[in-house]
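Notes follow the structure.
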Amino acid sequence: MSNPKDAIKEKSMVIQKEMLANLFTELSTAKENGKKVVYTFVPGNLTELILALDMLPVYPEINALQSGMRKRSGSYIKDAEKLGFSEDVCTYVKCDIGMMLNGNIGPTGEKLPDPDLLLLSYTGCFTFLKWFENLERLYPGVEIAMLHTPYQEDGVITDDQINYMVKQLKEEVIPKMEKVAGKKLDYDRLEKMLGNAAKAEELWVKVLETAKHRPSPIDSYFAGVYYMGPLNTAFRGTEEAVSYYEELYKEVNERMEQNLCPVTPEGEMKEEKFRLVVEGPPNWTNFREFWKIFYDMGAVIVASTYTKVGGLYDQGFRHDPLKPLETLSRYCMGCYTNLNLPQRVDLIEHYIKEYKADGFLINSIKSCNSFSAGQLLMMREIEQRCEVPVGFIESDLVDPRYFSYANIKNRLESYFQMLEQRKIIMSQEEAHV
Amino acid sequence: MTQAPPRLTTLLDECKQLAFDLNFTYAKQWKSESENRILVGYLPIYVPREIIHASNGLAVGILGAGDRKQIIKGDAYYQSYICHLPRGVIEMALDDNLNNFDGFLFPSICDCVRNLSGMFKLAKKGKFTRYFDYPQNFQKNIGGTFYRELIETIMNDMFKINGVKITNEALNNSIALYNRNRQLIEEMYAIRQEFPWRLSAVDAYHVMRAGMVVNVEKHNLMLEEIVQLISHDFGESLDNIRVVISGSFCEQPPIGMIKSIEMAGCYIVDDDLMLGSRWIIGDIDAHTNDGLNSIVDAFLTQSAPSSAIYDVGNPKGARLVTQVKMRNADGVIFCAASFCDPALLDRPDLQKACDNAGIAHINFQFHENTGQFKVIKEQAGTFSDSIKLWV
């Protein structure tokens with residue numbers, strides 16, 4: 001395994017880094033400045049509501065993945081296991097709890113403030129519910145607001161579901177948030193933020209759709225997880241986020257016009273050999289090594305499901321300022337992991353066809369049942385419907401014990417050989433025709 | 001030592017046969033005996049069976065294949081790090097075991113069961129498949145309204161199949177039957193609490209599990225007799241400790257494991273094995289002009305402690321401690337299925353509550369088809385000895 005060099009960064013990445021650094025600085029001084037802090041989750045997040053009430057969000061999953069990338073998750077997980085958490089359960093939860101047990105130091109090395117509110121936007125993952133029950137025990141007496149997001153079990157969002165969510169928001173979640181914030185929600189401000197969110201979402205979709213171009217100017221998975229950051233976390237609804245996506249789109253569009261391949265941590269890819277659609281979150285503990293296996297083989301991810309956990313904007317959803325609570329409800333219910341399995345299969349099929357992918361790959365995550373349970377059936381369905389080679393690898397989110405570089409590399413190399421072979425056969429067949 | 005009454009042995013044998021009939025022969029026979037009858041399969045933990053009963057249906061608990069069926073296809077559908085229950089369920093669905101079932105309900109308990117509902121949809125099993133997404137909001141005008149609408153959707157699904165419109169009279173009748181069922185179950189548990197040797201944990205389990213696959217009228221008759229029979233003294237008390245089993249509410253442990261725990265010197269005086277049958281604590285009002293409202297209210301206010309329910313502010317730990325004290329138990333055995341997120345994520349807090357209350361506990365994990373019990377028996381035996389010697 002090679003030692004990755006320092007990553008080469010695009011301008012938009014530098015901007016995002018600054019945005020995040022400012023956020024963490026603001027978080028580290030939140031208590032002195034009287035800012036209230038809300039712990040919440042990425043899927044189905046209510047960032048506009050939090051920001052409109054002048055509070056600051058913290059996302060435990062982001063802390064966990066950052067700990068994974070910084071090679072700290074292994075010891076955090078072990079500390080949580082010493083408390084009695086089983087090896088079998090979600091490693092995001094254990095990493096987060098381990099991080100709190102170790103002083104709750106954030107990715108910038110500054111201590112994260114304790115929460116004033118636990119806002120459980122329970123979307124698409126049952127474990128979220130258990131996670132926050134555990135957090136409540138770590139912060140006894142903290143205020144808690146719970147938003148139950150119904151699952152799209154029948155593949156549609158029903159009026160009953162919307163009414164249920166709007167009532168929860170109106171009668172329980174927002175009053176609780178107002179109580180913690182010490183102020184009433186300014187609906188004009190919320191609507192403005194939702195308008196900003198829609199602008200950023202529009203730009204984000206344009207960025208994603210550049211991957212339809214050959215060669216794709218972006219990697220929609222490995223780079224996509226960076227690109228989606230501002231929209232999925234603390235910046236959706238801000239003008240800053242709109243500016244970020246304007247810059248990102250400009251950058252990506254220029255690359256597309258010049259027929260350039262994606263930028264990787266080691267510079268620009270020279271050739272796009274394989275176009276793939278990927279299902280499942282990435283591994284964070286060995287993120288760069290994992291990515292390198294792909295770009296070394298000329299494989300570009302042109303669409304991924306993981307980049308839709310924070311919202312399925314490319315399927316048409318935009319926050320609607322004219323219906324603030326309904327739009328937040330629809331947003332929560334529309335996140336990828338809140339779709340039922342047939343919807344997920346349909347979406348992947350659509351991606352494979354729309355983005356003209358050569359293959360479909362699942363990175364199955366040991367500790368994420370929301371994604372992983374059912375993936376083998378999804379793989380069969382896709383194979384039958386799309387007749388593209390499918391691949392299956394396994395790793396974990398932030399538990400380094402479950403990332404086996406050699407195994408993954410071997411499997412991927414075999415998979416790429418299969419793709420290569422198929423290309424040769426297909427070109428021979430075309431030549432005969 | 002007096003022997004168990006022969007009639008009890010006969011009844012328990014019948015329960016044993018019913019409990020592990022993975023072809024659901026009784027239920028299919030019941031359906032075939034009259035027109036408009038339907039079978040609705042449901043997974044753990046809880047569905048309001050009263051609704052299905054009032055719709056001329058039979059709610060059939062699908063608890064996995066246990067160690068009674070070789071899993072071949074199921075393993076091809078699930079990665080090694082996913083619990084065992086859905087493998088057995090999908091295996092049964094792909095074989096003929098679930099033929100003649102009209103619909104399937106997958107209660108909201110975890111992401112595996114949730115996604116299994118999608119697998120049934122993709123495999124086109126049953127005339128309807130619903131993820132039963134019961135509310136995690138317990139305000140009557142919010143979660144209650146949503147829950148009522150959810151139930152009405154299922155009522156409509158059933159109506160489309162058999163054309164039976166549920167009357168309030170029928171619903172009240174069903175509520176009363178299930179009230180009686182829960183009363184009898186609690187009576188059985190109460191007798192076992194005092195005289196656990198009269199009905200072994202394995203036999204009690206068979207009785208409970210049989211109730212998942214037969215109509216409530218039949219189960220009530222069986223329970224009436226069993227309760228009456230075990231009300232009389234027989235058998236002999238052993239020098240066993242008394243334990244509560246916690247964490248086995250979904251995937252079920254193999255019978256061999258329950259037996260091993262008891263043989264190791266632990267009377268199991270309470271458990272959460274068939275939690276769905278005991279989910280509603282107390283009676284549901286069976287005399288109103290809106291039976292559906294009574295069922296909704298009962299869910300909101302009388303639900304049993306469960307890892308499937310959002311529980312902030314009402315800690316499960318305190319309730320486990322109360323349960324241990326109420327049953328006069330000596331300790332807790334945390335016994336969860338491997339990879340069971342709800343049970344395993346609750347375990348540290350429950351253990352802490354036991355520690356704080358001075359309640360001894362051990363834990364182990366299982367698969368529904370675990371075949372080796374030596375270690376478990378030794379662990380439970382040591383636990384029993386340590387309590388007998390030192391507590």
Any idea how many residues of the stretch B:109-132 are under 19 Å from residue B:309 (Cα atoms), touching a strand residue (DSSP E or B) at 6+ places or on another chain (Cβ under 6 Å), more than 7 Å from chain A (Cβ to nearest Cβ) and outside any strand (DSSP E or B)? 1
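Inside the stretch B:1-81, counting only helices (runs of 4 or more DSSP H) that do not spill past its ends, which hold 2 or more residues that are under 21 Å from the mean Cα position of the chain (by Cα)? Let's see the steps before the verdict.
Numbers: elements: B:6-19, B:25-32, B:49-54, B:73-77.
In the stretch B:1-81, B:6-19, B:25-32, B:49-54 are the helices (runs of 4 or more DSSP H) which contain 2 or more residues that are under 21 Å from the mean Cα position of the chain (by Cα).
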With modelled with pLDDT of 95 or more and touching a strand residue (DSSP E or B) at 6+ places or on another chain (Cβ under 8 Å) as the only criterion, which of A:23, A:27, A:46 stands out? A:46
Quick count over the stretch A:131-150, residues being open to solvent by 10 Å² or more (accessible area, probe 1.4 Å) and either facing another protein chain (nearest Cβ under 10 Å) or in contact with a Phe, Trp or Tyr (Cβ under 7 Å, 6 or more places away or on another chain) (or both), is 6
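Restrict the check to the stretch A:70-90 and report whether at least one residue is assigned to a loop (DSSP other than H, G, I, E, B), of a type in the set (A, V, I, L, M) and either open to solvent by 10 Å² or more (accessible area, probe 1.4 Å) or assigned by TED's automatic domain parsing to the domain that holds residue A:283 (or both). Walk me through how you get there before you give the answer.
First pass over the stretch A:70-90, keeping only residues assigned to a loop (DSSP other than H, G, I, E, B): A:70-72, A:83-90.
Then keep just the ones that are of a type in the set (A, V, I, L, M); that gives A:83, A:89.
Subsequent filtering for residues that are either open to solvent by 10 Å² or more (accessible area, probe 1.4 Å) or assigned by TED's automatic domain parsing to the domain that holds residue A:283 (or both) retains A:83.
Within the stretch A:70-90, one or more residues are assigned to a loop (DSSP other than H, G, I, E, B), of a type in the set (A, V, I, L, M) and either open to solvent by 10 Å² or more (accessible area, probe 1.4 Å) or assigned by TED's automatic domain parsing to the domain that holds residue A:283 (or both).
Scan the helices (runs of 4 or more DSSP H) fully inside the stretch A:154-264 and keep the ones with 1 or more residues being more than 14 Å from every other protein chain (Cβ to nearest Cβ). Please lay out each step first, then the result.
On the way: elements: A:159-168, A:174-181, A:187-209, A:224-227, A:229-232, A:239-257.
Where helices (runs of 4 or more DSSP H) fall fully within the stretch A:154-264 and carry at least 1 residues being more than 14 Å from every other protein chain (Cβ to nearest Cβ), they are A:174-181, A:187-209, A:224-227, A:229-232, A:239-257.
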Please give the number of the condition residue B:320 fails out of (1) without any contact (Cβ under 8 Å) to a residue 60 or more places away in the chain; (2) part of a helix (DSSP H, G or I). (1)
If residue B:277 satisfies all but one of (1) within 30 Å of residue B:114 (Cβ to Cβ); (2) modelled with pLDDT of 95 or more; (3) part of a loop (DSSP other than H, G, I, E, B); (4) hydroxyl-bearing (Ser, Thr, Tyr), what's the number of the condition it fails? (3)
Is at least one residue of the stretch A:340-360 more than 15 Å from residue A:375 (Cβ to Cβ), aliphatic (A, V, I, L, M) and under 18 Å from the mean Cα position of the chain (by Cα)? no
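Please state which one of A:347, A:325, A:361 is buried (at least 24 other Cβ atoms within 10 Å of the Cβ) and either more than 8 Å from chain B (Cβ to nearest Cβ) or touching a Ser or Thr at 6+ places or on another chain (Cβ under 7 Å) (or both). Before you say what the answer is, go through the steps one by one.
Working: A:347 fails: buried (at least 24 other Cβ atoms within 10 Å of the Cβ); A:325 fails: buried (at least 24 other Cβ atoms within 10 Å of the Cβ).
Step by step, each of A:347, A:325, A:361 is checked, and only A:361 is buried (at least 24 other Cβ atoms within 10 Å of the Cβ) and either more than 8 Å from chain B (Cβ to nearest Cβ) or touching a Ser or Thr at 6+ places or on another chain (Cβ under 7 Å) (or both).
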Is one or more of the residues making up the stretch A:44-63 open to solvent by 50 Å² or more (accessible area, probe 1.4 Å) and within 14 Å of chain B (Cβ to nearest Cβ)? no
Within the stretch A:364-377, track down each residue that is at the interface with another protein chain (Cβ under 8 Å from one of its Cβ atoms), part of a helix (DSSP H, G or I) and open to solvent by less than 10 Å² (accessible area, probe 1.4 Å). A:370, A:372, A:375
Within the stretch B:136-161, the count of residues that are assigned to a loop (DSSP other than H, G, I, E, B) and either out of contact with any strand residue (DSSP E or B) (no Cβ under 8 Å at 6 or more places or on another chain) or touching a residue at least 40 places away in the same chain (Cβ under 8 Å) (or both) comes to 3
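So, in the stretch A:103-127, exactly how many residues are more than 10 Å from every other protein chain (Cβ to nearest Cβ) and of a type in the set (A, V, I, L, M, F, W, C)?
Our first condition is that a residue be more than 10 Å from every other protein chain (Cβ to nearest Cβ); within the stretch A:103-127, this holds for A:103-117, A:119, A:121, A:123.
Among the residues that remain, those that are also of a type in the set (A, V, I, L, M, F, W, C) are: A:105, A:112, A:117, A:119.
Counting residues in the stretch A:103-127 that are more than 10 Å from every other protein chain (Cβ to nearest Cβ) and of a type in the set (A, V, I, L, M, F, W, C) gives 4.
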One residue is enough: does the stretch B:87-98 have a residue meeting the conditions in contact with a strand residue (DSSP E or B) (Cβ under 7 Å, 6 or more places away or on another chain), closer than 22 Å to residue A:151 by Cα and part of a loop (DSSP other than H, G, I, E, B)? no
What number of residues within the stretch B:139-154 satisfy the criterion of being facing chain A (nearest Cβ under 10 Å), open to solvent by 40 Å² or more (accessible area, probe 1.4 Å) and touching a Leu at 6+ places or on another chain (Cβ under 7 Å)? 1
Given (1) open to solvent by less than 10 Å² (accessible area, probe 1.4 Å); (2) under 30 Å from residue B:358 (Cα atoms); (3) assigned to a loop (DSSP other than H, G, I, E, B), identify the lone condition not met by residue B:284. (2)
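Take the conditions surrounded by 19 or more Cβ atoms within 10 Å (Cβ to Cβ) and either in contact (Cβ under 8 Å) with a residue 12 or more places away in the chain or more than 24 Å from residue B:32 (Cα to Cα) (or both) and apply them to residue B:164. Does it pass?
No, not satisfied.
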In the stretch A:153-162, residues that are surrounded by fewer than 21 Cβ atoms within 10 Å (Cβ to Cβ) and closer than 16 Å to residue B:136 by Cβ total 1
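Conditions (1) in contact (Cβ under 8 Å) with a residue 12 or more places away in the chain; (2) in contact with a helix residue (DSSP H, G or I) (Cβ under 6 Å, 6 or more places away or on another chain); (3) basic (Lys, Arg), marked per residue:
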{"position": "A:352", "(1), (2), (3)": "yes, yes, no"}
{"position": "A:358", "(1), (2), (3)": "yes, yes, no"}
{"position": "A:362", "(1), (2), (3)": "yes, yes, no"}
{"position": "A:371", "(1), (2), (3)": "yes, no, no"}
{"position": "A:376", "(1), (2), (3)": "yes, yes, no"}
{"position": "A:379", "(1), (2), (3)": "yes, no, no"}
{"position": "A:387", "(1), (2), (3)": "no, no, no"}
{"position": "A:400", "(1), (2), (3)": "yes, yes, no"}
{"position": "A:403", "(1), (2), (3)": "yes, no, no"}
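Is it fair to say residue B:345 is open to solvent by less than 30 Å² (accessible area, probe 1.4 Å), under 20 Å from residue A:94 (Cβ atoms) and more than 8 Å from chain A (Cβ to nearest Cβ)?
Working: open to solvent by less than 30 Å² (accessible area, probe 1.4 Å): yes; under 20 Å from residue A:94 (Cβ atoms): yes; more than 8 Å from chain A (Cβ to nearest Cβ): no.
In short, no.
So is residue A:109 assigned to a loop (DSSP other than H, G, I, E, B), under 20 Å from the mean Cα position of the chain (by Cα) and closer than 24 Å to residue A:283 by Cα or not? I'd like the intermediate steps shown before the answer.
Numbers: assigned to a loop (DSSP other than H, G, I, E, B): yes; under 20 Å from the mean Cα position of the chain (by Cα): no; closer than 24 Å to residue A:283 by Cα: yes.
No: the conditions fail for residue A:109.
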The condition of being within 30 Å of residue A:401 (Cβ to Cβ), of a type in the set (D, E, K, R), in contact (Cβ under 8 Å) with a residue 60 or more places away in the chain and surrounded by fewer than 24 Cβ atoms within 10 Å (Cβ to Cβ) holds, among A:289, A:279, only for A:289
Just checking, how many residues over the stretch B:349-372 are in contact with a Lys or Arg (Cβ under 9 Å, 6 or more places away or on another chain) and either among the polar types (S, T, N, Q) or closer than 21 Å to residue B:238 by Cα (or both)? 2
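The values are calculated or read from the model by the stated rules, or taken from the named source; none is laboratory data. Predicted model, so just to flag it, every value in this text is computed and none were measured. Please note: Cβ atoms are built from the backbone with ideal geometry, for glycine as well, and neighbour counts cover all protein chains shown. Ligands, DNA and RNA are stripped out before the accessible areas are found, and what is left, the full protein with its side chains, is counted by its heavy atoms. Shrake-Rupley method; radii C 1.70, N 1.55, O 1.52, S 1.80 Å.
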